[in-house]
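Scroll down for the structure; my scribbles are underneath it.
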Amino acid sequence: MTDTPEPAKRLLVRTWGCQMNVYDSARMADVLAPLGYGSTGELEGADMVVLNTCHIREKASEKVFSELGRLRLMKQARAAEGRRMIIAVAGCVAQAEGAAILERAPFVDIVLGPQATHRLPALVRRAEAGERALLDTEFPPEDKFDELPEATIPQGLTAFLTVQEGCDKFCSFCVVPYTRGAEYSRPAASVLAEARRLVAQGAREITLLGQNVNAYHGEGPDGSTWRLSRLIRALADIDGLARIRYTTSHPRDFMDEHGGDVELIAAHRAVPQLMPFLHLPVQSGSDAMLRAMNRRHTADDFLRIVDALREAQPDLALSSDFIVGHPGETEADFAATMALVRRVGFASAFSFKFSARPGTPAAELEMRVPEATKDARLLELQALLRDQQAAFNASLLGRVIPVLILEPGRHKGQMAGRSPWLQPVHAMLPPTLAGEIVPLRITAAHPNSLAAEATSATPLDAPAPAMPERAMPLLQAASA
Ligand code: SAH
Ligand code: SF4
Ligand code: F3S
């Protein structure tokens, strides 16, 4: 007699928005695994589809409804075959729009806010039992991180780890304080335990996540408050964890006079595992705009932080976010942004046209910038940022740099990896090197990636001797 196991159900999670959503999507897959759901990349045949959404700009949140239109047809087709398809909308659009989603798309089964991930299994059980229109957008009193299971589906060689969530900054334009709620830091012990699990599952690089990750002030194991710098130093003691990153930082939380974590700047000098790349959004180079945006730092504050970071770690490269066309932005304000970009020199950056978001103060402001002006400014800014990115990539030509080898590349015999500055790197290497950090010489610089080759110092025999990155200089000259 054979026991027929319950057929595995297929789960498709589609993710938009920031890395916090990527992390949450992985947690949703974790909590649904015990209910028999296994992940699929295909919509075809999916028993459950989760749209993990982003509300940050109008375009991002509108995408959800066009996607739902497609899902409605799939759901109908499956129903005609007598099969169920559960549709859930999660993430920041779910939080912001709540019941309005169920009105606009009544075929949606579950609407789930970002703070309710741990309650998804209960909702899915109810949906499987035939209940409809289930809504959970409460900010629950319990801590979702305490409620999430320890057992996780391995993330691989590079992993995300959320250490902080929410935001109390209330920038004029931004929905995050409303969709993610107040700033909250996880206790250090629970972060460290999760990091150790990730490393035991194979992670070589961990990126610590938070909407304002350098505002972290978690409870330390000794009862004192730990800042991010303290947490990073403790993470650096984990054997096997070769690389640490953190994102997204806020300039204000680097500033001593505002109780920021200045030690974090020193950590870039002292902790070899901390990668020399920092995403530090500035939004604008004009103090008038920064005031209107309620950023609570000046352009000069930003430049002073950048200088201090570069003094601590001369190989540090920077990335940032910019908004053009915030209400009231003049030509002079925009020129100040261009000047700041020229002064800093960014290795990469994201830039956006201001998008008026319902419920935010900036949506109510007069002095809107005409769409055509926004377009022109964005083009000009992006051209400069693109040149800077190309120049940064080109500056590595001929250099030997440590590359974390990740997976087979698109071409036969090729492996893809990651530079200390987050650039994708391709090289002809044996697949057995996956997970190793090896020195490679950069042979070509493309707009968004690098090509590289092995040098006489590259260990090609598997398994490669585990080379501690700290023993490897970041940049070796062409003659190396
Ligand atoms: N917590 C981070 C980033 C949050 S959102 C920070 O404080 O910087 C990511 C980026 O989206 C922002 O840095 C900003 O550049 C952009 N953004 C946010 N709201 C926007 C809006 N209403 N219109 C255009 N861009 C926006
Ligand atoms: Fe949004 Fe500002 Fe908070 Fe960043 S700091 S999440 S831009 S409100
Ligand atoms: Fe988007 Fe929410 Fe992240 S609005 S950027 S998914 S915090």
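The values are calculated or read from the model by the stated rules, or taken from the named source; none is laboratory data. Predicted model, so just to flag it, every value in this text is computed and none were measured. Don't worry about glycine lacking a Cβ; one is built from the backbone with ideal geometry, like all the others, and counts go over all protein chains shown. Note: accessible area is taken over every heavy atom of the protein model, side chains too, but ligands, DNA and RNA are not part of it. Shrake-Rupley method; radii C 1.70, N 1.55, O 1.52, S 1.80 Å.
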* Asked: What pairs come up if the first residue lies in the range 250-275 and is at positive phi, the second is of a type in the set (Asp, Glu) and open to solvent by less than 40 Å² (accessible area, probe 1.4 Å), and their beta carbons are under 9 Å apart, counting only those six or more places apart or on different chains?
  -> Gly259/Asp253
* Asked: Among (1) more than 16 Å from ligand 3 (Cβ to nearest atom); (2) modelled with pLDDT of 95 or more; (3) surrounded by fewer than 23 Cβ atoms within 10 Å (Cβ to Cβ); (4) farther than 19 Å from Leu309 by Cβ, where does Arg230 come up short?
  -> (4)
* Looking at Ala288, Ala267, which one is more than 16 Å from ligand 1 (Cβ to nearest atom), at pLDDT 95 or above and open to solvent by less than 10 Å² (accessible area, probe 1.4 Å)? -> Ala267
* Restricting to the range 106-119, what's the tally of residues that are at pLDDT below 95 and either farther than 19 Å from Asp24 by Cα or hydrophobic (A, V, I, L, M, F, W, C) (or both)? -> 1
* Qualifying residues in the range 169-178 (those that are crowded, with 16+ Cβ neighbours inside 10 Å and part of a loop (DSSP other than H, G, I, E, B)) - the one farthest from ligand 1 (Cβ to nearest atom) -> Ser172
* Structure fact -> Flagged in the range 412-431 as touching a residue at least 12 places away in the same chain (Cβ under 8 Å) and assigned to a loop (DSSP other than H, G, I, E, B), in numbering order, are Gly413, Ser419, Pro420, Trp421, Leu422, Gln423, Leu429, Pro430
* To do: Being of a type in the set (Ser, Thr, Tyr) and surrounded by 18 or more Cβ atoms within 10 Å (Cβ to Cβ) is the filter here, so list the residues in the range 312-339 that pass it.
  => Ser319, Ser320, Thr337
* Give Ala33, Ala29, Ala60 a once-over and let me know the one that is within 30 Å of Phe173 (Cβ to Cβ), in contact (Cβ under 8 Å) with a residue 40 or more places away in the chain, small (Gly, Ala, Ser) and in contact with a strand residue (DSSP E or B) (Cβ under 9 Å, 6 or more places away or on another chain). => Ala60
* Scanning for something away from ligand 1 (no atom under 16 Å from the Cβ), out of contact with any Phe, Trp or Tyr (no Cβ under 8 Å at 6 or more places or on another chain), within 30 Å of Gln476 (Cβ to Cβ) and open to solvent by 30 Å² or more (accessible area, probe 1.4 Å), does the range 342-349 turn up at least one residue? -> yes
* Please verify whether the range 152-165 includes one or more residues that are open to solvent by 40 Å² or more (accessible area, probe 1.4 Å) and of a type in the set (D, E, K, R). => no
* To do: Please state which one of Asp168, Asp146, Asp136 is of a type in the set (Asp, Glu) and within 15 Å of ligand 3 (Cβ to nearest atom).
  => Asp168
* Residues of the range 179-209 that turn out to be within 16 Å of ligand 1 (Cβ to nearest atom) and either among the polar types (S, T, N, Q) or out of contact with any Cys (no Cβ under 9 Å at 6 or more places or on another chain) (or both), as a count -> 5
